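Undergrad: After the structure tokens below, expect a handful of questions from me.
The values are calculated or read from the model by the stated rules, or taken from the named source; none is laboratory data. Treat the numbers as computed from the prediction; the structure is a model and nothing was measured. Virtual Cβ from ideal backbone geometry, glycine too; neighbours counted across all protein chains shown.
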Amino acid sequence: MIEQSVAAQPRSRLDETDKKIIRILQTDGRMQYSKLGPLVDLSPAAARQRVLQLIDEGVISIVAVSDPTATGQLAQAMVGIKVQGDIDEVVAGVEAHSEVVYLLVTAGRFDLLAEILCEDTNRLLEVLQDIRMQPGVLYAEVFTYLRLEKQTYNWGVA
């Protein structure tokens, strides 16, 4: 699978070959360059060079995506957090938890959205209590996952 990097600044413009490479890798991130090259009208060596350039520039990352329940993360939740004061201090406190796997600064009802994966509900409760006790957190609303219906990674290059 493929994901966008949050650290690097991607190129301002991708050409059609770059977009086609990304679409293909979003379906099969382990595709051999000998198969990828012909699909995008490049030699395998040129396809490899393009993929490495996209990775180096932070446009893409090639990662394994696991099923949290299969790896023992049985308690999953999205938490909407309302902040008062310095949002960066709250961000630092929330992201310090290894169980927080995704953290967004947002506009609207919540200032932050945090996705949390834990091995059980007891640990989820501990993490939630710690987040709620952070200075600057007004409240945190928890949306416990019951079932995953859709998860895609084929966005951004239409």
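Undergrad: Could you identify the single residue in TYR102, TYR33 that is within 30 Å of TYR139 (Cα to Cα) and among the aromatic types (Phe, Trp, Tyr)? Explain how you work it out, then say what you get.
TA: Numbers: TYR33 fails: within 30 Å of TYR139 (Cα to Cα).
After applying the criteria, what remains is TYR102.
Undergrad: Separate question: Which one of the conditions (1) in a strand (DSSP E or B); (2) over 30 Å from ASP18 (Cβ atoms) does SER98 fail to meet, given that it meets all the rest?
TA: Tallying (1) in a strand (DSSP E or B); (2) over 30 Å from ASP18 (Cβ atoms), SER98 fails exactly one: (1).
Undergrad: With (1) touching an Asp or Glu at 6+ places or on another chain (Cβ under 7 Å); (2) under 18 Å from GLN151 (Cα atoms) as the list, and ARG50 as the residue in question, which single condition is left unmet?
TA: (2)
Undergrad: For residues that are of a type in the set (Asp, Glu), over 12 Å from VAL79 (Cβ atoms) and modelled with pLDDT of 95 or more, tally how many sit in the range 121-158.
TA: Going residue by residue through the range 121-158, those that are of a type in the set (Asp, Glu) are 126, 130, 141, 149.
Okay, now just the ones that are also over 12 Å from VAL79 (Cβ atoms), so 126, 149.
Now restrict to residues that are modelled with pLDDT of 95 or more: 126.
The total comes to 1.
Undergrad: Hey, among ALA114, ALA96, ALA70, which residue is outside the structural domain of GLU16 (by TED's automatic domain parsing), within 17 Å of the chain's Cα centre (by Cα), exposed (fewer than 12 other Cβ atoms within 10 Å of the Cβ) and hydrophobic (A, V, I, L, M, F, W, C)?
TA: ALA96
Undergrad: Could you check how many residues of the range 1-59 are of a type in the set (Gly, Ala, Ser) and modelled with pLDDT under 95? Even if it seems obvious, please write down each step before you answer.
TA: Residues of the range 1-59 of a type in the set (Gly, Ala, Ser): 5, 7-8, 12, 29, 34, 37, 43, 45-47, 58.
Narrowing the set further to residues that are modelled with pLDDT under 95 leaves 5, 7-8, 12, 29, 58.
Of the residues in that region, 6 qualify.
Undergrad: Also, quick follow-up: Which residues, taken from the range 49-64, are of a type in the set (D, E, K, R) and closer than 22 Å to SER34 by Cβ? Spell out how you get there, then give the answer.
TA: Quick first cut of the range 49-64, residues of a type in the set (D, E, K, R) only: 50, 56-57.
Selection gives ARG50, ASP56.
Undergrad: Now a separate question. Sort through VAL127, VAL91 and tell me the only one that's free of Cβ contacts under 8 Å to residues at least 24 places away in the same chain, part of a helix (DSSP H, G or I) and surrounded by 13 or more Cβ atoms within 10 Å (Cβ to Cβ). Before you say what the answer is, go through the steps one by one.
TA: On the way: VAL127 fails: free of Cβ contacts under 8 Å to residues at least 24 places away in the same chain.
After ruling out the rest, the residue left standing is VAL91.
Undergrad: Would you confirm whether any residue within the range 45-67 is crowded, with 17+ Cβ neighbours inside 10 Å, outside any loop (DSSP other than H, G, I, E, B), on the phi < 0 side of the Ramachandran plot and without any contact (Cβ under 8 Å) to a residue 24 or more places away in the chain? Can you show your working first?
TA: Within the range 45-67, the first condition is being crowded, with 17+ Cβ neighbours inside 10 Å, and the residues that meet it are 47, 50-51, 54, 59-60.
Still in the running and outside any loop (DSSP other than H, G, I, E, B): 47, 50-51, 54.
From the residues that got through so far, the ones that are on the phi < 0 side of the Ramachandran plot too are 47, 50-51, 54.
Narrowing further to those that are without any contact (Cβ under 8 Å) to a residue 24 or more places away in the chain: none.
Within the range 45-67 (the criterion being crowded, with 17+ Cβ neighbours inside 10 Å, outside any loop (DSSP other than H, G, I, E, B), on the phi < 0 side of the Ramachandran plot and without any contact (Cβ under 8 Å) to a residue 24 or more places away in the chain), the answer is no, since none of the residues qualifies.
Undergrad: Please work out which residue is nearest to VAL137 (Cα to Cα), limiting yourself to the range 74-88 and to residues that are loosely packed, with under 14 Cβ neighbours inside 10 Å and touching a residue at least 12 places away in the same chain (Cβ under 8 Å).
TA: Looking only at the range 74-88, we keep the residues that are loosely packed, with under 14 Cβ neighbours inside 10 Å, and these are 84-86, 88.
The next check asks that each one be touching a residue at least 12 places away in the same chain (Cβ under 8 Å); those that pass are 84-86.
Working: GLN84: 6, GLY85: 9, ASP86: 10 Å.
Top of the filtered list is GLN84.
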